[in-house]
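Have a look at the structure below before the remarks.
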Amino acid sequence: MSTIAENIAKVGARIREAAQASERDCATIGLLAVSKTKPAAAIRQAHAAGLHDFGENYLQEALDKQLELRDLPLIWHFIGPIQSNKTRAIAEQFAWVHSVDRLKIAERLSAQRPAHLPALNICLQVNVSGEASKSGCSPEQLPALAQAVTQLPNLKLRGLMTIPQPSEDRATQQAAFACLAELQAKLNLDLDTLSMGMSHDLEAAIAEGATWVRIGTALFGERDYS
């Protein structure tokens, strides 16, 4: 069984190879370790192997781990669906939120961000595949949402995020990621972040400009939801 450190090295090699194939600087591609359902001990191992950025989907689970790992200089990203009653804790405890898909949530995050903290880094989640089961604003809703979020005082709109319909076909994968990159370019805002690509499709995402790849299974193994 591979150790977490070995898995991080393997994923790092995949990122470097994908960057080279796309003639990109791999320093522009961040590895966001998705640690949902994994214990704090696994995050501690990943940090010891060089990772600093961790993505969590479930708020209470994340808060428990943050408490347990408060001795480490970790950067926490919230990447799951956001309910209105969870915004205060997210605004207070995270540096990044990748999953904002409606203005009401953005307004609450801005209002509840503590004054002593820097602006909260925001990605707008876009449902590029149009799946009814997926969170995310539609491509048609995106321009108005993006403009509104840029006006909120305690948020910094960094870019877009998507979770496209899973596919094993490289061309299909790339088409979804290219769609997100094109939507971002059309906004004509000063954005620097494309949060896209997971364990099975990170190469396709990097080919289309991903700046964060969100990797869970390839680092920590299959998730246990029991």
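The values are calculated or read from the model by the stated rules, or taken from the named source; none is laboratory data. Values in this document were obtained by computation on a predicted structure and should not be read as measured data. Every residue, glycine among them, receives a Cβ derived from its backbone with ideal geometry; neighbour counts consider all protein chains shown. Areas reflect the complete protein model, heavy atoms only, side chains present, ligands, DNA and RNA absent. Shrake-Rupley method; radii C 1.70, N 1.55, O 1.52, S 1.80 Å.
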The chain, Gaussian network, Cα under 10 Å: of 23, 56, 203, the residue fluctuating most is 23
Both in Å, the radius of gyration and Dmax of the C-alpha trace of the stretch 72-125 are 10.2, 33
For the stretch 107-226 (alpha-carbon point model, no solvent) the Debye-based log₁₀ I(q)/I(0) at q = 0.19, 0.23 Å⁻¹ works out to -1.05, -1.29
If R0 = 35 Å, then residue 71 and residue 107, at their Cβ-Cβ distance, give a FRET efficiency to the nearest 0.05 of 0.55
Taking r as the C-beta separation of residue 13 and residue 171 and R0 as 25 Å, the FRET efficiency to the nearest 0.05 is 0.60
In debye to the nearest 20, the charge dipole size for the chain, taken about the Cα centre with +1 at each Lys and Arg Cβ and -1 at each Asp and Glu Cβ, equals 580
Residue 60 and residue 83 label points (each 7 Å along its Cα→Cβ direction) are spaced in nm at 0.9
Mean Cβ-within-10 Å packing, highest first, puts peptides 142-155, 114-127, 90-103 in the order 90-103, 114-127, 142-155
Rounded to the nearest Å, the spacing of the alpha-carbon centers of the stretch 54-104 and the stretch 168-189 is 26
Here Rg/Rh (Cα, Kirkwood) for the chain equals 0.94
To the nearest 20 debye, the stretch 97-226 has a Cα-centred charge dipole, built from +1 on Lys and Arg Cβ and -1 on Asp and Glu Cβ, of 600
The stretch 67-156: relative contact order from alpha carbon pairs under 8 Å, six or more residues apart, as a whole percent, is 27
Rounded to one decimal in nm, the spacing of the 7 Å Cα→Cβ label points at residue 188 and residue 23 is 2.8
Given a 1.4 Å probe, the accessible area of the chain per residue, as a whole number of Å², is 47
With +1 at each Lys and Arg Cβ and -1 at each Asp and Glu Cβ, the charge dipole magnitude of the stretch 27-119 around its Cα centre, to the nearest 20 debye, comes out at 200
By the mean-Cβ-within-10 Å protection proxy, highest first, 72-81, 207-216 rank as 207-216, 72-81
